[in-house]
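Derivation of every value follows stated rules applied to the coordinates shown; laboratory data play no part. Here the structure is a predicted model, which is why all the values come from computation and not from measurement. For neighbour counting, all protein chains shown are included, and Cβ atoms are generated from backbone atoms with ideal geometry for every residue, glycine included.
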Amino acid sequence: MTKPETLRAGLTRRQCLTGAAALPLVTMLPRRAHAAEFTYKLATGQDPSHPVNKRAQEAIDRIREATKGRLEIRLFPANQLGSDTDLMSQVRNGGVEFFNQASSVLSTLVPAAGIVNTGFAFTDYDQVWKAMDGPLGRYVRDQIETVGLLTMSKPWDNGFREITTSTKPIHTPDDLRGLKLRVPAAPMLSSLFTALGASPTPINFNEVYSALQTKLVEGQENPLAIISTARLYEVQKYCSVTNHVWDAYWILGNRKAVERLPKDIQEIVYREFDKAATDERADIAVLSKSLRGDLQSKGLQFVEVDKKAFKVALGKSSFYKDWHAKFGDKAWKLLEDSAGSLV
């Protein structure tokens, strides 16, 4: 059934995903003659067409080949195994061995992970990768590993986030006042939009399409790759290019499950997920240039904004002061060393 046919049938986006993608990608692969020594699951929240899943599947295939079939990882995209918050619990208790999670949502478990989402901190990717492949990234990884999770590679790229709306274009910070805006269950993003006068509403990603379709919320904010692959342009009219937050993806592993693997297999897993991170970053860089035209052709109207005006408006609130206090001087200095002063 095509997407228009799905909508005519009255199905929500979530129903479409669970119906059309009810089986893991691995079921499309031929069966192996010999059972794997270890069979693990990797869950993601992204649509199968997103670069995260493409590169994850490639890494899985390389891991299977390099381990001579001893480790079989099955990929479950599009929140098939539960919402982001559900999956975070599952990867901690070992029900799922690997999970891809955005820093913004991971911050509900590991507050320090949210420092990379500080509003209008990063202006470009030179600053982002200087921070994430340097001291700030190491600091965040150390904090993640205090809760029984392992980071399986350097961070992947979720992208810079933009604001989309169905009711009116957002040109200035004043246009945000009272706007019902979906945000992930992420304290930083709720705090950011509250400080800018909006009415942020935390909703798990697997429910976003239907929330926009039924007008439960007027808008949402996400990177262009998500807006495209999740078809949010079908239920949104305007996209304001705010770049208000950059977000990372982390491939997380259950510590006990990873440590159960022989050392040689662990090394292969880290190596291949790290290569996949490099490849996925390149994918997002290409998409960030091509997606705008593609989304415009599908009816999404882009709005250029003065990003500095939004940062100035944010600076008039207690936003930066409050988050500096929460993260502490050490983490804040690491952020400013890469992004510049946020005072």
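Specify which residue in the list GLN143, PRO184, THR167 is farthest towards the positive end of the charge dipole of the stretch 143-190, using unit charges on the beta carbon of Lys, Arg (+1) and Asp, Glu (-1), about the Cα centre.
Selected residue: THR167.
Considering the values [x] 19.8, 64; [y] 20.8, 67; [z] 22.6, 70, which represents Rg and Dmax of the Cα atoms in Å as calculated for the structure under consideration?
[x]
Using alpha carbons only, how many degrees (0 to 90, rounded to 10) separate the axis of helix 263-297 from the longest principal axis of the chain?
Its long axis makes an angle of about 40 degrees.
Enumerate the amide H contacts of ALA185 below 5 Å, restricted to partners 5 or more residues apart or on another chain; note that Pro and chain-start residues carry no placed amide H.
Residues meeting the criterion, in which the H sits 1.01 Å from N, are ILE203.
Ranking request for peptides 98-106, 117-125: highest mean number of other beta-carbon atoms within 10 Å first, then the rest in descending order.
Working: 98-106: 26.0, 117-125: 21.0.
The packing order, highest mean first, is 98-106, 117-125.
Calculate for the chain the 222 nm mean residue ellipticity that helices alone would give, adding -39,500 (n - 2.57) per DSSP H run of length 4 or more and normalising by residue count, nearest 500 deg cm²/dmol.
Numbers: 15 runs with 153 residues, N = 343.
The per-residue figure over the chain is -13000 deg cm²/dmol.
With axes computed from alpha carbons, what is the tilt in degrees of helix 51-66 against the longest principal axis of the chain, rounded to the nearest 10 within 0 to 90?
So the helix axis and the longest Cα principal axis differ by about 20 degrees.
Enumerate the calculated ³J(HN,Hα) couplings along the stretch 152-158 in order (Karplus 6.51 cos²θ - 1.76 cosθ + 1.60, θ = phi - 60°), each rounded to whole Hz, writing x wherever the residue is Gly or Pro.
Rounded to whole hertz, the list is 8, 6, 5, x, 8, 9, 7.
Quick one: what are the phi-derived ³J(HN,Hα) couplings along the stretch 323-337, Karplus 6.51/-1.76/1.60 with θ = phi - 60°, whole Hz, x for glycine and proline?
Each residue of the stretch 323-337 in turn: 6, 4, 5, 6, 7, x, 4, 4, 5, 5, 5, 4, 5, 5, 4 Hz.
Going highest first, how would you order 177-186, 332-341 by mean Cβ packing within 10 Å? Don't jump to the answer; show the numbers that get you there.
Numbers: 177-186: 19.9, 332-341: 16.2.
The densest-packed peptide leads the list: 177-186, 332-341.
Counting only residues 5 or more places away or on other chains, whose amide H sits under 5 Å from the amide H of GLN46 once H atoms are built in the peptide plane?
Amide H to amide H, under 5 Å and 5 or more residues apart or across chains, GLN46 pairs with ALA78, ASN79.
My understanding is that a pair violates if its Cα-Cα distance is over 28 Å; which of LYS215/LYS308; LYS130/LYS326; LYS54/LYS307; LYS237/LYS275; LYS154/LYS289; LYS130/LYS215 do that in this structure?
Working: LYS215/LYS308 30 Å; LYS130/LYS326 23 Å; LYS54/LYS307 32 Å; LYS237/LYS275 37 Å; LYS154/LYS289 23 Å; LYS130/LYS215 40 Å.
With Cα atoms farther than 28 Å apart: LYS215/LYS308; LYS54/LYS307; LYS237/LYS275; LYS130/LYS215.
Once phi is turned into θ = phi - 60°, what whole-Hz ³J(HN,Hα) does the Karplus curve with 6.51, -1.76 and 1.60 give for every residue of the stretch 182-188, x standing for Gly and Pro?
Per-residue couplings from phi come out as 6, 10, x, 6, 9, x, 4 Hz.
Could you give the radius of gyration (one decimal) and Dmax (whole number) of the Cα atoms in the stretch 230-276, in Å?
Values for the stretch 230-276 (Cα only, Rg and Dmax): 18.4, 51 Å.
Per residue, how big is the convex hull of the stretch 105-223 when only Cα atoms are used? Give it in Å³.
Values: hull volume 12.7 nm³, N = 119.
Value for the stretch 105-223: 106 Å³ per residue.
Compute the acute angle (0 to 90°) between the alpha-carbon long axis of helix 84-93 and the principal axis of greatest extent of the alpha-carbon atoms of the chain; round to the nearest 10°.
For 84-93 against the chain, the angle is about 40 degrees.
Give me the extension gain from VAL147 to GLN296: residue separation times 0.36 nm, minus the current Cα-Cα distance, reported in nm with one decimal.
Details: separation 149, 0.36 × 149 = 53.64 nm, distance 4.23 nm.
The span from VAL147 to GLN296 would gain 49.4 nm if fully extended.
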